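The block underneath contains the structure these notes are about, expressed in C-alpha cells.
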Amino acid sequence: MVEQVDGGTTAPVRAGAARRARRRLMRWARWGDASGDVRGGSPWTRGRVLAVLAVLMAGLLAFHRAVPNSVGHMGSLLEAFLPWLGVVVVVLLGLALLRRSALALVALVLPVAAWTCLFGELYLPGAEPGPGDLVVVQHNVSDENADPAGTARALAEGEPDLIALEELVPTALPVYEKTLAPDYPYHAVRGTVGLWSRHPLTGARPLDIKPQGIAEGWNRGLRTTVHTPHGEIAAYVAHLPSVRIRASGLASSWRDESAGLLGAAIAAEKRDRVVLLGDLNGTVDDRGLAPLTSRMNVAERGFAFSFPAGFPLARIDQVMARSATVGHIRALPATGSDHLPVAARIAWG
C-alpha cells in the first residue's frame, strides 16, 4: 500500500490514472473506426461512425412524424422526449472534437440545424405584456399532497387570473377552497378538476372525456365561461388518462381516445375565445395530442418541463388557447405535488 504523500509518489499515481482515463476516452471516440488510432488517418476519414450517428439524429429530429405509431406507439414515445435528442447531439460533438474528426463535425451541422428549427424559437424573448392579457396557472396538485394549503398559497402568489387544478380529492378540496377564497371568489369543481378565477364564472358543467373501458365515476373534465373585463372566454380544464412506458412501448390508448373526445368538444365550442388548461399526460410534440394541437395554439416560448417534479423530463401540463397567443410558459417552484406548476400569459387577438 502506498502511503507516502510528500515524497513524490502521489503525483505519478494520479498522472497514471489520468492517462488511463484519457485512453478510455480515446477508445470511446474511435469505436467502430477502421484505423483504431486517434492519430491515424486524416480528419476526413476519422469518425465515420460518429458521422453516421449524427445523420441518424438529424433524421429522427426532422422526420419524427415518420416513425410509425402502429407498434407500441413508438412515434409518440420518441416525441415525448424529442428535445432530449439535443443532449445526444452534444455528446456526439464532444466525441467528434476528441476524435479530431472533420467528417463528424460537418455531419453534426445537420442535427444541430434540425434541433434549432424545432426548439430554438422557444429561447427567444416573448412579446411585451398587454393590458388585456390573461395570466393563468396550471397544476396537478397530486392526490397525495400533504400540504394543500401551502400549495394553494404558492399558486396564488403570482396573482394569476385563473388557477386550474387536477387530482382534487374530497379531503383536500375544502382546504383549497378556503385558502384561495380571499383572492379567487369564483370557482367551479367537477369531479377531480377545478378552476379558480378572479372573474365571474357561469355555466360550469362536466365534460365527458372518459374513454371506453374506464369505470363509471371517472370525471376529469369541465367547461365554464369566464367573464373578464375584456370579454367572455370559454375555459376548459382537463386531466387526460396517464400513459405508461412498458417493454412493449408506450401504453397511451386511453390518453389518445380521451384527447380525441376533448378535441371534438373544443371543435364544437361556439365561442371564438377558448383556453384549455390541464394535465394532458403528453407533450405538444406528441402526435397523441394532435386532436388538440391541431385546433389550439401552444406556448411560443419556454420549455417549462413539469414532470416529474424531482427531475423534470417533459412538460405534460399544458396551456393552450384558440384565437389567442400563448406567450412564454414557465415552470414554478415545487409544491407538495409530483408535478411542477406552470404559468403562462395569454394575449387575445
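The values are calculated or read from the model by the stated rules, or taken from the named source; none is laboratory data. Since the model is a prediction, treat every value here as computed from it, not as a measurement. Every residue, glycine as well, gets a Cβ built from its backbone with ideal geometry; the counts of neighbours run over all protein chains shown. For the accessible areas, the whole protein counts, side chains as well, though only heavy atoms, and no ligand, DNA or RNA atoms are used. Shrake-Rupley method; radii C 1.70, N 1.55, O 1.52, S 1.80 Å.
Quick test of the membrane-span-like rule: which DSSP H helices of the chain reach at least 18 Å along their long axis (C-alpha atoms) with mean Kyte hydropathy at least 1.0? Kindly include the intermediate steps, with their values, before the conclusion.
Numbers: long enough: 10-29 (29 Å, -0.72); 48-62 (21 Å, 2.39); 85-99 (21 Å, 2.69); 253-267 (21 Å, 0.30).
Qualifying helices, which must be both long enough and hydrophobic enough, are 48-62, 85-99.
So how strong a dipole does the chain carry about its Cα centre when Lys and Arg Cβ are +1 and Asp and Glu Cβ are -1, to the nearest 20 debye?
Around 1780 debye, computed over the chain.
Per residue of the chain, what 222 nm ellipticity follows from adding -39500 (n - 2.57) for every DSSP H run with n ≥ 4, rounded to the nearest 500? It would help to have the intermediate numbers written out before the result.
On the way: 10 runs with 110 residues, N = 349.
Rounded to the nearest 500, it is -9500 deg cm²/dmol.
Which whole-angstrom value gives the distance between the alpha carbon centres of segment 190-217 and segment 49-106?
40 Å
How large is log10 of I(q)/I(0) for segment 126-263 at q = 0.14, 0.22 Å⁻¹ when the intensity is taken from the Debye formula with one equal scatterer per alpha-carbon?
The Cα Debye sum returns log10 ratios of -0.71, -1.34.
By average Cβ neighbour count within 10 Å, what is the ranking of 282-295, 177-190 from highest down? Don't skip to the answer; put the middle values down first.
Values: 282-295: 21.7, 177-190: 16.5.
Put in order of decreasing packing, that is 282-295, 177-190.
Under a point-charge model restricted to the Cβ atoms of Lys and Arg (+1) and Asp and Glu (-1), what is the dipole moment magnitude of segment 192-349 relative to its Cα centre, in debye to the nearest 20?
On the way: 18 positive and 13 negative charges, 46 e Å.
Magnitude of the dipole: close to 220 debye.
How much FRET efficiency would the formula 1/(1 + (r/R0)^6) give for GLU159 and VAL90, where r is the Cβ-Cβ distance and R0 is 51 Å, rounded to 0.05? Don't jump to the answer; show the numbers that get you there.
Values: r = 38 Å, r/R0 = 0.75.
The pair GLU159/VAL90 has a calculated efficiency of 0.85.
State the antiparallel share, in %, of DSSP beta bridges confined to the chain, rounding to the nearest 5. Intermediate values should be presented prior to the final figure.
Values: 44 of 56 bridges.
Close to 80 percent.
Could you tell me the ratio Rg/Rh of segment 141-207? Both radii from Cα atoms, Rh via Kirkwood. Don't skip to the answer; put the middle values down first.
Working: Rg = 11.1 Å, Rh = 12.0 Å.
Taking Rg over the Kirkwood Rh, I get 0.93.
Counting pairwise Cα distances across the chain, what percent come out greater than 28 angstrom? Can you show the working numbers first?
On the way: 31528 of 60726 pairs.
For the chain, the share of Cα pairs beyond 28 Å comes to 52 percent.
Segment 182-338: Rg/Rh from Cα coordinates, Kirkwood Rh?
Details: Rg = 15.5 Å, Rh = 16.3 Å.
Using Cα coordinates only, the ratio equals 0.95.
Give the Rg/Rh ratio for segment 96-170, taking Rg as the radius of gyration of the Cα atoms and Rh as the Kirkwood radius, to two decimals. Don't skip to the end; give the middle numbers.
On the way: Rg = 21.9 Å, Rh = 17.1 Å.
Rounded to two decimals, Rg over Rh is 1.28.
Sort HIS64, HIS328 by heavy-atom solvent-accessible area, probe 1.4 angstrom, most to least.
On the way: HIS64 20, HIS328 90 Å².
So the residues, ranked largest to smallest area, are HIS328, HIS64.
For the charge dipole of the chain, defined by +1 on Lys and Arg C-beta atoms and -1 on Asp and Glu C-beta atoms about the Cα centroid, which residue among SER76, LEU280, ILE163 has the Cα displaced farthest towards the positive pole?
So the residue furthest toward the plus end is SER76.
Tell me the carbon and sulfur percent of the accessible area for the chain, rounded to whole percent, probe radius 1.4 Å. Mind showing how you got there, number by number?
Working: 10270 of 17130 Å².
Answer for the chain is 60 percent, counting heavy atoms of protein chains only.
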